[in-house]
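Asker: Sharing a structure with you now.
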Ligand code: TRP
Ligand code: ZN
């Protein structure tokens, strides 16, 4: 296929389907080399459809057609036509039963969509459009059918045969084969279909719902992973209880199954009653998983479970509505994690992701609204904008309506739409009706792309004891939406005013609603000049032009009653210090660290009262990828030097304080997953990373780190040593990497960490070692986790990737081209670091552009990569 054949799909072109499918019977005959799929479906003309064409197009790709019949008789060649992406049925009656048999080759399926094999086991991934690689069908989410699935396979290779819903029959067949039949009583779109067949064991538990029903819970894994499922199971039960308590939502089938596979394009998939997970989000033990991994498992298990209502019971009308299920479900999993762990820590983590990745997407060639208007390849729209900004949009509604009315809105949404495929507008409409809040202007958050930018001006009138704050908003142009055409957003702004003692002044209302381009808010009876704490809890996904002095930021760091803004003040202060030093270095001037900043850091290090997680987070400087976006012309080398200078200066000047924090927080006893214990580890390990910040740190600190590596009883403490040391040019670095490899070479998930460490190193030798690792037995180009860990992490290594000679660019382009023919989804995601090419100096721009062009010219490029590269080049 040539690169010009990719066509754009527009939201405005949505039409209801001409036919609906009420029932689907699937029969999978799993063989040694292939699989035969027999599908029998009941079609009915859709009363709501305008067209009365009697031709019907069915999606189908990479299928070998064996047989097609309508109402029991085989179709003559004149009644159907095969096309590149499907089959046209000709002269169809208003209702009929279609039987199709196809042959597919799961072993050859390297794209990991449709039916494929992972570690020898069969599994499926049908979202978004993978079902068309299994059989000819109406592969669109607004066609919902009842599925009955029969699977037959070899009893030795596939002792376990699973699909959605309830097991209704199983039995033996001749020749060492057996079968199972599953029935899902809930009509569903085909993207929620799943099949798993293979040699797996399961751990089992149960959950009693609020109405007293007992649900059988099972997690299926390879036998060697049996001991690593406990945390996932606990997380599942907590999710079930939380959704009943907070949203009043009860589980609806008698069984809930989760299967872990090593080869998976994304995190996990919410198939009805049978979730398929990337094993990274199921398996955890203290020796092999970090605190972040444990939280990741809990969050993703919750996310997929919550989809049962927000996604499955009510699904999307079309893929432009993807955020209807994803934004809402991310919001729900964030709230769940906040309730299970620390709310401020969760919020800070979520905002860091949003600022680093979503704001970057929103300011580049891939910028799109939460509900996009067009796409070429839907797989490219599973983005931080649809997911994370989508969740912020839901969160803003929660803020504007209040928890109680928000819940009323959710109840109304389910009352109106249970069992339907609906739109983002339907969701907002339920919210508005239930709460009586006008959300018309608010809906611009769904249609306008780009991150709004706020400016703040303050005025305090001593005479009148009056304080005024003027807020203005603008939203930069994004592809196909110019700045002039954008209307003002409805922005909820939580805030506080601090008096000179650092206490909150009393206010009638802690929420401002900015609805126009500029607005002035006046506060009477303000007796002294306040310090403004704006956007508490990050109440809206916006950028604020820096307007406060470093003194004010230090004051907020020390005093703000809102823990998010306390942290945010430290973030903004560090940002201003590093960016200033970057320009000092660019001008070859002498770099000096601001004493005010040193003092602020000293105060954190000597704080024995505050939450340790929050202290640890306040010590973690903004990442280079984030800081780069704040520069007019990105200068990766000086940015890196400036950030490193800050870390080393702090480590030198405050060495005693860092050591005291390290020693005062060493691990004692059993590994515990409490917020308190996680906070202690975070703070301790941040201190360690500073102590090793030099290329050649003090030997005493190195020895201390080696001791932590030897004695650590959990992966968090162990990997912290390796991670800090990965940037040091000392012999211990190589020794530890080797030791770690020998110890963990049989554990694929731990090996991912080993690859990430090396690909993320700031040492100049990084590209060379990444190239070597491509041939290492720990790496595999066919496994998405490995590709992300090595190639993906390298692309995110700002200083190494942007090496001024362009060698990093060339390497990444080579890998994208190579991967594209194997797995387009994964190849496409690797293009992200190229997308911001226009933000760099002219030399780097030229180098990056040349690589983008080289990719674009590749014959037979997938739509996935083509779309990303095209958009980048078109800016
Ligand atoms: N719906 C899944 C989720 O968010 C996302 C997902 C899993 C996905 N696998 C995929 C999306 C493959 C596109 C392609 O939970
Ligand atoms: Zn999801």
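Asker: Which length gain, in nm to one decimal place, applies between residue 438 and residue 415 when the Cα-Cα distance is subtracted from 0.36 nm times their residue separation? If you can, show how the numbers build up before the last one.
Answerer: Numbers: separation 23, 0.36 × 23 = 8.28 nm, distance 2.05 nm.
Roughly 6.2 nm would be gained on extension.
Asker: Considering every Cα-Cα pair within the stretch 585-690, what fraction, in whole percent, is farther apart than 18 Å? Could the numbers behind the result be given before it?
Answerer: Details: 3007 of 5565 pairs.
Of all Cα-Cα pairs in the stretch 585-690, 54 percent lie more than 18 Å apart.
Asker: Please list the radius of gyration and Dmax for the stretch 745-875, considering alpha-carbon atoms only, with Å as the unit.
Answerer: When restricted to the Cα atoms of the stretch 745-875, Rg and Dmax are 14.3, 45 Å.
Asker: At q = 0.12, 0.14, 0.31 Å⁻¹, work out log10 I(q)/I(0) for the stretch 180-232 with the Debye formula, treating every Cα as an identical point scatterer and leaving solvent out; two decimals please.
Answerer: -0.42, -0.57, -1.12
Asker: Taking the Cα atoms only, what angle lies between the long axis of helix 675-691 and the longest principal axis of the chain, rounded to 10 degrees?
Answerer: Roughly 60 degrees between the two axes.
Asker: Relative contact order, percent, of the chain when contacts are C-alpha pairs under 8 Å separated by at least 6 residues? Kindly include the intermediate steps, with their values, before the conclusion.
Answerer: On the way: 1663 pairs, mean separation 75.8, N = 875.
Relative contact order for the chain comes out at 9 percent.
Asker: Neighbour counts of other C-beta atoms within 10 Å: give me 178, 527, 368 arranged from fewest to most. Don't skip to the answer; put the middle values down first.
Answerer: Working: 178 16, 527 10, 368 24.
In order of increasing Cβ crowding within 10 Å: 527, 178, 368.
Asker: Which FRET efficiency value, to the nearest 0.05, do you get for residue 545 and residue 713 by plugging their Cβ-Cβ distance into 1/(1 + (r/R0)^6) with R0 = 41 Å?
Answerer: For residue 545 and residue 713, the calculated efficiency is 0.30.
Asker: In nm, give the distance between the simple-model label positions of residue 590 and residue 202, each being 7 Å from the Cα along the Cα-to-Cβ direction.
Answerer: Spacing of the two 7 Å Cα→Cβ label points: 7.1 nm.
Asker: With viscosity set to 1.306 mPa s at 10 °C, what whole-number translational diffusion coefficient in µm²/s follows for the stretch 647-687 from Stokes-Einstein and a Kirkwood radius over Cα pairs? List each step's numbers first, then the result.
Answerer: Working: Rh = 10.9 Å.
The estimated diffusion coefficient comes to 145 µm²/s.
Asker: Next question, about the same structure. Rounded to the nearest 10 degrees, what's the angle between the helix 390-417 long axis and the longest principal axis of the chain, both from Cα atoms, 0 to 90?
Answerer: With both axes taken from Cα atoms, the answer is about 30 degrees.
Asker: Next question. Once the cut-off is 14 Å, how many percent of the Cα-Cα pairs in the stretch 483-561 end up in the long-distance tail? Working shown, then result.
Answerer: On the way: 2077 of 3081 pairs.
Counting every Cα pair in the stretch 483-561, those more than 14 Å apart make up 67 percent.
Asker: Could you give P(r) for the stretch 735-803, binned at 5 Å from zero, as whole percent values over all Cα-Cα pairs?
Answerer: Once binned at 5 Å, the Cα pair distances of the stretch 735-803 give 3, 18, 31, 27, 15, 5, 1.
Asker: For the stretch 359-475, what are the per-bin percents of Cα-Cα distances with bins 10 Å wide, up to the bin holding the maximum?
Answerer: 12, 33, 30, 17, 6, 2, 0
Asker: OK, next. Take the chain, compute every pairwise Cα distance, and split them into 10 Å bins from 0; I just need the percent in each bin.
Answerer: 2, 12, 21, 25, 21, 12, 5, 2, 0, 0
Asker: Between the helical axis of 563-586 and the dominant principal axis of the chain, each derived from Cα atoms, what acute angle in degrees is found, rounded to the nearest 10?
Answerer: It works out to around 70 degrees.
Asker: Please list 654-661, 687-694 highest first by mean number of surrounding beta-carbon atoms within 10 Å per residue. Walk me through the intermediate numbers first.
Answerer: Working: 654-661: 18.1, 687-694: 23.9.
By packing density, highest mean first, the sequence is 687-694, 654-661.
Asker: Cα centroids of the stretch 643-670 and the stretch 390-429: how far apart, whole angstrom?
Answerer: Taking the Cα centre of each part, the stretch 643-670 and the stretch 390-429 sit 46 Å apart.
Asker: Above 14 angstrom, tally the Cα pairs of the stretch 133-198 and express them as a % of all pairs, no decimals. It would help to have the intermediate numbers written out before the result.
Answerer: Numbers: 1267 of 2145 pairs.
Here the tail beyond 14 Å accounts for 59 percent of pairs.
Asker: Can you give me the Cα centroid spacing of the stretch 817-831 and the stretch 517-551 in angstrom?
Answerer: One Cα centre to the other: 44 Å.
Asker: Please report, in cubic angstrom per residue, the volume enclosed by the convex hull of the alpha-carbon atoms of the stretch 513-648. Write down the numbers at each step before the final one.
Answerer: Numbers: hull volume 20.0 nm³, N = 136.
Spelled out: Cα convex hull of the stretch 513-648, divided by residues, is 147 Å³.
Asker: Please rank 156, 469, 544, 297, fewest neighbouring Cβ atoms within 10 Å first, as an exposure proxy.
Answerer: Sorted ascending by nearby Cβ count, the order is 156, 544, 469, 297.
Asker: Starting from the 7 Å offset along Cα-to-Cβ, what nm value, one decimal, do you get for the label separation of residue 608 and residue 466?
Answerer: So the two model labels end up 4.9 nm from each other.
Asker: Related question: Can you bin the stretch 426-476 into rounded, prolate or oblate? Criterion: square roots of the alpha carbon gyration tensor eigenvalues sorted a ≥ b ≥ c, rounded for a/c under 1.5, prolate for a/b above b/c, oblate for the rest.
Answerer: On the way: a/c = 6.83, a/b = 1.80, b/c = 3.79.
Because a/c hits 1.5 or more and a/b fails to exceed b/c, the stretch 426-476 counts as oblate.
Asker: I need the Debye-formula profile for the stretch 725-767: one equal scatterer per C-alpha, no solvent, reported as log10 I(q)/I(0) at q = 0.19 1/Å, two decimals.
Answerer: Values, matching the q order: -0.55.
Asker: Can you show me the helix-derived [θ] at 222 nm for the chain, built from DSSP H runs with n ≥ 4 at -39,500 (n - 2.57) apiece and divided by the number of residues, rounded to the nearest 500.
Answerer: Values: 28 runs with 334 residues, N = 875.
Calculated mean residue ellipticity at 222 nm is -12000 deg cm²/dmol.
Asker: Where Rh denotes the Kirkwood radius from the mean inverse Cα pair distance, what is Rg over Rh for the stretch 555-594? List each step's numbers first, then the result.
Answerer: Values: Rg = 13.1 Å, Rh = 11.2 Å.
Using Cα coordinates only, the ratio equals 1.17.
Asker: Can you sort 511, 162 so the residue with the fewest Cβ neighbours within 10 Å comes first?
Answerer: Neighbour counts put them in this order, fewest first: 511, 162.
Asker: Report, in cubic angstrom per residue, the convex hull volume of the C-alpha atoms of the stretch 4-79.
Answerer: Working: hull volume 13.4 nm³, N = 76.
Expressed per residue, the convex hull around the Cα atoms of the stretch 4-79 is 176 Å³.
Asker: Also, I was wondering about something else. I need the per residue convex hull volume for the stretch 181-320, using only the alpha carbons, in cubic angstrom as a whole number. Don't jump to the answer; show the numbers that get you there.
Answerer: Working: hull volume 17.8 nm³, N = 140.
In the stretch 181-320, the Cα convex hull volume per residue is 127 Å³.
Asker: Enter the Cα centre distance for the pair the stretch 837-875 and the stretch 748-791, rounded to the nearest angstrom.
Answerer: 24 Å
Asker: May I ask for log10 I(q)/I(0) of the stretch 408-530 at q = 0.19 Å⁻¹, from a Debye sum over the Cα atoms as equal point scatterers with solvent left out?
Answerer: For the stretch 408-530 at q = 0.19 Å⁻¹, log10 I(q)/I(0) is -1.04.
Asker: Next question. After finding the eigenvalues of the alpha carbon gyration tensor for the stretch 306-387, what semi-axes result from the square roots of 5 times each, listed largest first in whole Å? Display every interim value, and only then the final one.
Answerer: Working: eigenvalues 108, 74, 9 Å².
The answer is 23, 19, 7 Å, longest axis first.
Each reported figure results from applying straightforward, stated rules to the coordinates on display, with no laboratory input. A quick note: this is a predicted structure, and the numbers were derived from the prediction, not measured. Backbone-built Cβ (ideal geometry, glycine too); neighbour counts: all protein chains shown.
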